[in-house]
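Below is one structure, written out as structure tokens, with a few remarks after it.
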Amino acid sequence: MPAFTNVRFKQVDVFSSTPFKGNPLAVVFDADGLTSVQMQAIANWTNLSETAFLSKPTDPQADYRVRIFTTVAELPFAGHPTLGAAHALLESGYQPKQAGKLVQQCGAGLVDLALQDNGDWAFSAPRADVTALPPTEYDALALALNSDQLDLSAMPCAVDNGASWLVVRMKSAQACLTLTPESLELARITARVNAHGIALYGPHEADGPATFEMRCLLTGTHAGPTGLLEDPVTGSANAALAGLLAALGKAPGTQYTVRQGTALGRAGNVTVRYEKNSPVIWVSGPAVTIVDGTFKCPVAKSL
């Protein structure tokens with residue numbers, strides 16, 4: 001009979017203050033003694049888009065270290081695990097080294113977090129590599145999306161900030177919400193720019209619920225057996241969009257909001273803020289804990 005240990009665990013809903021309306025994240029505490037194999041097995045078991053593992057930092061500047069796993073692989077960075085892990089850590093009683101600030105150590109390096117005026121936490125968008133989709137692909141993209149509503153005034157670009165998204169602008173929020181893409185063709189296009197999915201966004205009317213509507217669709221092997229999987233609310237894609245808008249000179253002011261998850265019955269709320277006289281971009285949103293307790297983990301490293 002294998003020996004077991006109890007591991008502290010929270011399940012957090014990120015980018016929503018209402019339970020079951022955001023993007024769920026599993027957060028495992030005290031993960032220093034867990035191997036990579038164990039972490040991957042736990043993430044596969046939680047069956048959520050990501051599971052975050054908290055441990056002591058190896059960089060003296062950092063408050064904590066987080067390792068982020070999907071059900072099949074480790075990611076160097078992801079947005080909703082960054083905010084969700086910070087929420088869980090602070091709720092557990094952790095006191096930051098500097099009031100109102102956190103420094104997260106992850107596979108992408110050090111990520112700054114800051115407390116916002118409304119009480120939400122924000123992460124500083126990591127540096128991103130941008131690759132424009134060749135114009136020769138535009139017609140194929142329109143066919144893959146089954147839509148004539150692409151807004152090519154903002155060129156489609158693959159943006160990699162630790163997670164890689166093909167960011168594409170639609171003419172309206174409604175055009176974004178009513179898409180019925182072809183999974184195989186879309187996977188071929190995203191693969192050609194080394195993106196693991198497509199982030200689609202469209203503007204709302206001036207009196208709408210947010211500045212933009214967004215949908216993020218994982219493609220190919222990243223989507224699993226379905227070939228196309230929608231992510232409820234996506235921090236990395238919102239960071240990618242924010243950086244791309246700034247680079248293209250199309251940022252809608254110093255702050256804007258995004259609604260995501262509508263097509264899935266969720267109500268994700270994301271706020272983007274451009275720091276004055278600085279290239280720093282802050283991505284923020286609320287979080288709420290849904291599950292708080294422990295689970296049993298085999299001590300043996302052959303999990």
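The values are calculated or read from the model by the stated rules, or taken from the named source; none is laboratory data. On a predicted model such as this, the values are computed, not experimentally measured, just so you know. A quick note on method: Cβ atoms are made from the backbone with ideal geometry, for glycine too, and the neighbour counts reach across all protein chains shown. Please note that ligands, DNA and RNA were not included when accessible areas were found on the heavy atoms of the full protein model with its side chains. Shrake-Rupley method; radii C 1.70, N 1.55, O 1.52, S 1.80 Å.
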Practice task
Being touching a helix residue (DSSP H, G or I) at 6+ places or on another chain (Cβ under 9 Å) and not in a loop (DSSP other than H, G, I, E, B) is the filter; apply it to region 241-270 and report the residue that is farthest from Met214 (Cα to Cα).
Solution key: Tyr256
Problem - Condition check for Ala88: outside any strand (DSSP E or B), in contact with a strand residue (DSSP E or B) (Cβ under 6 Å, 6 or more places away or on another chain), open to solvent by less than 40 Å² (accessible area, probe 1.4 Å) and over 17 Å from Asp292 (Cα atoms) - result: no
Practice task
Determine whether Thr180 is among the β-branched types (Val, Ile, Thr), on the phi < 0 side of the Ramachandran plot and open to solvent by 70 Å² or more (accessible area, probe 1.4 Å).
Solution key: yes
Practice task
Determine whether region 25-44 contains at least one residue that is part of a strand (DSSP E or B), touching a residue at least 24 places away in the same chain (Cβ under 8 Å), closer than 17 Å to Gly235 by Cβ and within 14 Å of the chain's Cα centre (by Cα).
Solution key: yes
Exercise for the section: Report whether or not Thr58 is over 25 Å from Arg259 (Cβ atoms), among the hydroxyl-bearing types (Ser, Thr, Tyr), surrounded by fewer than 13 Cβ atoms within 10 Å (Cβ to Cβ) and modelled with pLDDT of 95 or more. Expected result: yes
Completion exercise
Quick count over region 107-137, residues being part of a helix (DSSP H, G or I), exposed (fewer than 15 other Cβ atoms within 10 Å of the Cβ) and not β-branched (Val, Ile, Thr), is 1
Fill in the blank from the handout: Within region 114-123, the residues that are touching a helix residue (DSSP H, G or I) at 6+ places or on another chain (Cβ under 9 Å) and either under 16 Å from Ser278 (Cβ atoms) or β-branched (Val, Ile, Thr) (or both) are Ala122, Phe123
Practice task
Could you tell me whether any residue of region 205-217 is surrounded by fewer than 16 Cβ atoms within 10 Å (Cβ to Cβ), of a type in the set (A, V, I, L, M, F, W, C) and within 22 Å of Ala154 (Cβ to Cβ)?
Solution key: yes
Completion exercise
If we keep only residues of region 1-18 that are part of a loop (DSSP other than H, G, I, E, B) and either open to solvent by less than 60 Å² (accessible area, probe 1.4 Å) or modelled with pLDDT under 95 (or both), then the residue farthest from Leu89 (Cα to Cα) is Met1
Problem - Residue check for Gly227: more than 24 Å from Gly84 (Cβ to Cβ), open to solvent by 10 Å² or more (accessible area, probe 1.4 Å) and in contact (Cβ under 8 Å) with a residue 40 or more places away in the chain - result: yes
